[in-house]
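To keep things clear, I will list the structure first and then write my remarks on it.
Please treat every number below as a calculation from the coordinates, not as lab data. Here the structure is a predicted model, which is why all the values come from computation and not from measurement. Ideal geometry is used to build each Cβ from the backbone, glycine not excepted, and the neighbour counts take in all protein chains shown.
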Amino acid sequence: MHWLIRPDSVHALEDEGVKKALGRYVEVSKNKKLAKFIITKTIPIDVDLSSSDEELWKAHETIIKDFKKLEKEHDNKDIKQLKFPTKSLLDLKIELAKRILNKCRFCERKCGVNRFEKKRGFCNLDIQSRLSSEFLHMGEEACLVPSHTLFFIGCSFYCVFCQNWTISRHVEKGLPVTGSDLAKMVKKRRLMEGSRNVNLVGGSPTPNTHIILEMLRELDVNIPVVWNSNMYMTMDTMKLLNGCVDVYLADFKYGNNNCAERLSKIKNYWEVTTRNHLVAKKQAELLIRHLVLPNHIECCTKPIIEWIAKNFDNKVRVNIMAQYRPEFEAFKIPDINRRVMAEEMERAFNIARDNGLTNLD
Ligand code: SF4
């Protein structure tokens with residue numbers, strides 16, 4: 001059992017709002033249902049993995065169509081009852097991820113570099129994943145802690161206020177890891193220390209999709225997978241994550257493209273991230289974070305809250321966060337060079353209330 005307990009986490013899994021938005025996660029965390037990646041590993045494939053990209057994607061599409069049905073059939077089984085084929089849907093996903101690395105398009109920057117040839121795109125990563133740290137995080141949302149958090153080096157965003165800039169900007173070099181290394185860490189934290197989930201973050205997990213899928217192939221314990229990201233994945237990456245991720249922990253930052261471009265050097269932010277939030281909700285469960293930025297209530301917080309209320313109607317859990325502090329290059333940018341004021345947080349919560357958003361963390 002874990003020996004560090006945050007008092008509010010003890011009953012967090014019984015919270016009605018948590019159960020409404022993250023009911024399946026709660027059951028997997030308690031070992032009463034199976035994590036999606038385990039079910040994916042039980043699905044056999046008969047496609048030859050040396051087939052063309054087109055054939056592999058076609059096979060993937062055909063199989064994944066029935067995933068929800070299979071999920072229901074397997075839900076209450078014990079992992080020991082399951083039969084695992086020699087080649088599964090997860091192997092197909094791993095092969096497709098490798099193909100993507102030839103011309104990288106894990107995120108919507110779509111750099112197109114061949115990461116096998118040590119070429120690097122915006123995230124500055126070749127195929128080698130590196131870990132800054134991994135530990136039981138006690139500062140996440142109460143329903144997640146203790147959360148076994150893996151911090152990957154590198155990110156597809158350039159947020160001028162990044163709180164983890166030594167990780168995202170490669171100031172830290174990190175420890176080179178394989179999927180197998182990661183699986184051992186996750187198993188140990190789950191069985192020996194009682195982690196509630198594995199929480200994939202960074203930087204960003206997206207450029208490390210290939211290694212994360214390999215980790216899941218090696219992992220033989222039941223544990224919910226939390227994808228903690230900026231939600232800038234391509235549709236191909238979203239397809240690969242379908243059947244592997246239990247909870248999307250989505251960092252919804254901006255309510256318009258101008259702020260995203262100015263503060264994170266990102267194009268088409270709104271179109272991409274809203275699309276991915278909708279896809280994520282169809283695939284899995286969703287916990288949305290919004291870090292309130294000073295002077296960005298009307299341009300960012302308001303449209304985000306309105307969009308969430310309109311599209312999800314309290315079926316997702318939302319965390320409106322006040323802990324912004326200027327970091328990294330934010331000191332040079334007048335509108336975000338201070339903490340958020342109490343009146344701004346009050347306005348943010350009033351917008352949530354006026355829009356009927358009540359499933360708040
Ligand atoms: S993951 Fe990295 S290399 Fe790949 S498209 Fe995104 S930024 Fe470019």
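What angle, in degrees between 0 and 90 and rounded to the nearest 10, separates the Cα long axis of helix 89-101 from the longest principal axis of the Cα atoms of the chain?
On a 0 to 90 degree scale, this one is about 60.
Which distance in nm do the two modelled labels at Asn31 and Gln163 give, with both placed 7 Å along the Cα-to-Cβ direction?
The two pseudo-label positions are separated by 3.2 nm.
I want the antiparallel fraction of DSSP beta bridges within the chain, as a percent rounded to 5.
Given both bridge residues lie in the chain, the antiparallel proportion sits at roughly 30 percent.
Sort by residue number and name the cysteines in the chain that have no neighbouring cysteine Cβ under 4.7 Å.
So far as the 4.7 Å Cβ criterion goes, Cys104, Cys107, Cys111, Cys123, Cys143, Cys155, Cys244, Cys259, Cys299, Cys300 stand without a partner in the chain.
What is the fewest-to-most order of Thr209, Thr358 by other Cβ atoms lying within 10 Å of their Cβ? Intermediate results must be reported in sequence, preceding the final value.
Values: Thr209 29, Thr358 11.
By the 10 Å Cβ count, ascending: Thr358, Thr209.
Once both axes come from the Cα atoms, what is the angle between helix 302-312 and the longest principal axis of the chain, in degrees from 0 to 90, rounded to 10?
40
What does the helix-only formula give at 222 nm for the chain: each DSSP H stretch with n ≥ 4 adding -39500 (n - 2.57), the total divided by the residues, and the result rounded to the nearest 500 deg cm²/dmol?
Theoretical 222 nm ellipticity from helices: -11500 deg cm²/dmol.
Cα convex hull of the chain: mean projected area in nm², to one decimal?
Average of the hull's projected areas for the chain equals 17.2 nm².
How about the range 134-221: which trypsin sites (Lys or Arg not before Pro) there lie in a loop by DSSP and see at most 10 other Cβ atoms within 10 Å? Intermediate results must be reported in sequence, preceding the final value.
Values: sites: Arg169, Lys173, Lys184, Lys187, Lys188, Arg189, Arg190, Arg196, Arg217; in loops: Arg169, Lys173, Arg196.
Within the range 134-221, the qualifying trypsin sites (Lys or Arg not before Pro) (loop, at most 10 other Cβ atoms within 10 Å) are Lys173.
Which ³J(HN,Hα) values in Hz, rounded to whole numbers, follow from the phi angles of the range 327-342 under the Karplus curve 6.51 cos²θ - 1.76 cosθ + 1.60, where θ = phi - 60° and Gly and Pro get x?
Result, rounded to whole Hz: 9, 6, 9, 5, 5, 8, 10, x, 5, 10, 8, 6, 6, 7, 8, 4.
Whole-Hz Karplus ³J(HN,Hα) for the range 119-129, in order, using 6.51 cos²θ - 1.76 cosθ + 1.60 and θ = phi - 60°, x for Gly and Pro?
3J(HN,Hα) across the range 119-129, in whole Hz: 7, 10, x, 4, 6, 6, 10, 8, 7, 6, 8.
Tilt of helix 53-64 relative to the longest C-alpha principal axis of the chain, in degrees (0 to 90, nearest 10)?
80
Could you tell me the center-to-center distance, by alpha carbons, between the range 203-224 and the range 318-361 in angstrom?
Between the Cα centres of the range 203-224 and the range 318-361 lies a distance of 31 Å.
When the Kirkwood hydrodynamic radius is evaluated over all pairs of different C-alpha atoms of the range 1-154, what value in angstrom, to one decimal, is obtained? Could you put the intermediate results ahead of the total?
Numbers: mean 1/r = 0.0537 Å⁻¹.
Value: 18.6 Å, from the Cα pair sum.
Order by neighbour count: Leu90, Leu101, fewest other Cβ atoms within 10 Å first, most last.
Working: Leu90 24, Leu101 19.
Listed from fewest to most nearby Cβ atoms, that is Leu101, Leu90.
Given a Förster distance of 25 angstrom, what is the FRET efficiency for Leu360 paired with Asn257, based on the Cβ-Cβ distance and rounded to 0.05?
So the FRET efficiency works out to roughly 0.45.
Could you pull out every residue, at least 5 positions away or on a different chain, whose amide H is within less than 5 Å of the one on Asn319? Hs are placed 1.01 Å off N in the peptide plane, and Pro or chain starts have none.
Ile288, Arg289, His290, Asp361
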